[in-house]
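What follows is one structure encoded as structure tokens, with my remarks underneath.
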Amino acid sequence: MSQAKSENIPPQNTAQGENVVTVNYNGKSSVFPVLKGSMGDHVVDIRNLKKNLDLFTFDPGLGGTASCESKITYIDGDKGVLLYRGYPIAQLAEQSNFAEVSYLLLYGNLPTRQEYEVFVDRLNEHALLHEQIRNFFNGFRRDAHPMSILCGTVAGLSAFYPEGTDISNEASRDRSAINLIAKIPTLAAWAYKYSLGEPFVYPRSDYSYTENFLNMMFARPTEPYKVNPILSRALDRIFILHADHEQNASTSTVRLAGSTGAHPFACIAAGIAALWGPAHGGANEAVLKMLNAIGRKENIPSFIEKVKDKNSEVRLMGFGHRVYKNFDPRAQIMQSTCYEVLRELGVKKEPLLELAVELEERALKDDYFVERKLYPNVDFYSGIIFKAMGIPTSMFTVLFAVARTVGWVSQWKEAFDDPLRRIYRPRQHYTGPVERNMKTSYWL
Ligand code: SDX
């Protein structure tokens, strides 16, 4: 891992022609190289902007800024394309499983049979938690939000793996990645069990990753529990859909924390904290609350009018996306999975689904949403599926975190292989008081 030095900034660009951007400012002119990726938008390398023209860029929300180079996930927001290491999300959702996709995200290629079996064995071997971790839960109220428990226990887990701070070698980073992917389902399920006051269920090596999670969530010592294979397959597919999504808010948080050299478990805890927000991973929980508040189809027109009234500050949760200005490919797979799960469960009529479908149909015909290119995102249907599976609303974002952990650790690991790696330290556009002197204090 090379700690990039500031001299890593590209040499004064002498390139001319179409692969440059020329900026003229304050009587000076400077040329900046345009970098072409393997797919998607080109980027202008402005690392010399301050040095050459004494200028910063200003990009609140970083919507127009590439914060890093990555080879993991590609999104084309205009075409509704999502690729994990080049593989279309629909193919992976249909043909792969979460453990195989986790290997792909972490190591860059689909595993051979032997690599897959070794990987799964490693995850099984590390799924158990140190027995003392059980004490962490007792510090929380039983009604604590499970995201607060997950955030706290993941950060606390770093104390049991002090070697995790040794980020200087790939083997140590890989061990931390495996530990996190393996243990997050156990912590998540135990957060749920703790909220119920039920005994914790241990992970088992004879179950798949997702079967294990369902077993730890719903098994009880009083009677045998059989994992429903259809539900397990559906949840495994949902985990695939949530596994990674390039430089979203929580992943950027993990990369930023990782750039300081912090313990990887602390970096993932920071990602969990960022994911919790309703504008991000907390939206799946917010969608259910929104649908319950709307209640009936008759109330949809007045709700949509409220959304369109800026003063109401009401948003159509599960709609819109910073990058997708077309359908979120995950939302379409999520909707079909929703019907599959309800059919499997024999749910003939799910009022919330009917309400969601009607709400989507009306919004997609309404100019307000069409003009702003607002489409359903990954969170619009997920909550309805989780509810049908018997998962409480407060656990929806926890499940998102379970799935996204592999994306977070893959992106965290990738940063260490980047020769341009350096601590994240954005600047600002300052509009505060100019320098001024204190008057003599009245009371001194
Ligand atoms: C996730 O980044 C990722 O990749 C995230 C994610 C992942 O996998 O990691 O995909 C997961 O977080 C999905 C998003 C979940 N959040 C929600 O569903 C919450 C509702 N959506 C919005 O809050 C919003 O769409 C965001 C936060 C998702 C995106 O916000 P942006 O890009 O900052 O969009 P914006 O606020 O600039 O909106 C542009 C316009 C504005 O109107 P105008 O000022 O132009 O008149 O669209 C409006 C917004 O008011 N708008 C909405 C809206 N989303 C945007 N209006 C009503 N309802 C909405 N949901």
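The values are calculated or read from the model by the stated rules, or taken from the named source; none is laboratory data. From a predicted model like this one, the values you see are computed outputs, not experimental measurements. As a convention, Cβ positions derive from the backbone with ideal geometry for all residues, glycine included, and neighbour counts pool all protein chains shown. For accessibility, only protein heavy atoms count, side chains too; no ligands or nucleic acids. Shrake-Rupley method; radii C 1.70, N 1.55, O 1.52, S 1.80 Å.
Brief remarks on what is shown
- Restricting the range 164-180 to residues that are touching a residue at least 40 places away in the same chain (Cβ under 8 Å), part of a helix (DSSP H, G or I) and not acidic (Asp, Glu), the residue that is most open to solvent (accessible area, probe 1.4 Å): Thr165
- Summed over the range 181-203, the residues that are in a loop (DSSP other than H, G, I, E, B) and aliphatic (A, V, I, L, M) give a count of 1.
- Checked against (1) assigned to a loop (DSSP other than H, G, I, E, B); (2) within 16 Å of the ligand (Cβ to nearest atom), Ala90 meets all criteria but (1).
- Counting the residues of the range 294-321 that are part of a helix (DSSP H, G or I), more than 9 Å from the ligand (Cβ to nearest atom), in contact (Cβ under 8 Å) with a residue 24 or more places away in the chain and open to solvent by 50 Å² or more (accessible area, probe 1.4 Å) gives 2.
- Some residue of the range 104-116 being closer than 17 Å to Leu180 by Cα, among the polar types (S, T, N, Q), over 21 Å from the mean Cα position of the chain (by Cα) and assigned to a helix (DSSP H, G or I): no
- Of the residues making up the range 324-347, those that are closer than 18 Å to Val370 by Cβ and near the ligand (Cβ under 9 Å from one of its atoms) number 2.
- Residue pairs meeting the criteria (Cβ under 6 Å; at least 6 apart or on separate chains; first more than 7 Å from Ala388 (Cβ to Cβ), in the range 341-352; second buried (at least 16 other Cβ atoms within 10 Å of the Cβ)): Leu352/Leu291; Leu352/Ile384
- Flag: Arg141 does not match the condition of being part of a helix (DSSP H, G or I), more than 22 Å from Phe400 (Cα to Cα) and open to solvent by 60 Å² or more (accessible area, probe 1.4 Å).
- Residue check for Gly277: outside any helix (DSSP H, G or I), closer than 28 Å to Ile178 by Cα and either in contact with a Gly (Cβ under 8 Å, 6 or more places away or on another chain) or in contact (Cβ under 8 Å) with a residue 60 or more places away in the chain (or both): no
The rows are residues; the columns are (1) of a type outside the set (Lys, Arg); (2) within 30 Å of Tyr339 (Cβ to Cβ).
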site: Tyr194; (1), (2): yes, no
site: Ser205; (1), (2): yes, no
site: Glu211; (1), (2): yes, yes
site: Arg220; (1), (2): no, yes
site: Asn228; (1), (2): yes, yes
site: Ala234; (1), (2): yes, yes
site: Leu241; (1), (2): yes, yes
site: Glu246; (1), (2): yes, yes
site: Val254; (1), (2): yes, no
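- Any hit, the range 96-107, residues being exposed (fewer than 15 other Cβ atoms within 10 Å of the Cβ) and at pLDDT 95 or above: no
- Inter-residue pairs, beta-carbon under 7 Å, first closer than 22 Å to Ala243 by Cβ and in the range 53-79, second open to solvent by 60 Å² or more (accessible area, probe 1.4 Å) and within 13 Å of the ligand (Cβ to nearest atom), 6+ apart: Gly77/Lys325
- Evaluation of Ala66 against (1) assigned to a loop (DSSP other than H, G, I, E, B); (2) among the hydrophobic types (A, V, I, L, M, F, W, C); (3) touching a helix residue (DSSP H, G or I) at 6+ places or on another chain (Cβ under 8 Å) (one fails), failing number: (3)
- Selection of first residues in the range 374-389 that are open to solvent by less than 10 Å² (accessible area, probe 1.4 Å) and of second residues that are more than 10 Å from the ligand (Cβ to nearest atom) and in a loop (DSSP other than H, G, I, E, B), restricted to Cβ pairs under 7 Å at least 6 apart or on distinct chains, gives the following pairs, ordered by first then second residue: Ile384/Glu350.
- Scanning the range 280-293 for residues that are closer than 26 Å to Glu246 by Cβ, near the ligand (Cβ under 10 Å from one of its atoms) and open to solvent by 10 Å² or more (accessible area, probe 1.4 Å) gives His280, Ala286.
- Residue ID - surrounded by the fewest Cβ atoms within 10 Å (Cβ to Cβ), chosen from residues in the range 198-227 that are within 19 Å of Lys387 (Cβ to Cβ) and in contact with a helix residue (DSSP H, G or I) (Cβ under 7 Å, 6 or more places away or on another chain): Val227
- Among the residues of the range 122-135, those that are touching a residue at least 12 places away in the same chain (Cβ under 8 Å) and open to solvent by 60 Å² or more (accessible area, probe 1.4 Å) comprise Arg122, Glu125, Leu128, His130, Gln132, Arg134.
- Which listed residue is among the polar types (S, T, N, Q), within 16 Å of the ligand (Cβ to nearest atom) and touching a residue at least 24 places away in the same chain (Cβ under 8 Å), from Thr251, Thr210: Thr251
- Scanning the range 257-271 for residues that are among the β-branched types (Val, Ile, Thr) and surrounded by fewer than 23 Cβ atoms within 10 Å (Cβ to Cβ) yields one hit, Thr260.
- Filtered by the rule that a residue be open to solvent by 90 Å² or more (accessible area, probe 1.4 Å), modelled with pLDDT of 95 or more and either part of a helix (DSSP H, G or I) or among the hydrophobic types (A, V, I, L, M, F, W, C) (or both), the range 406-444 gives Ile423, Val434.
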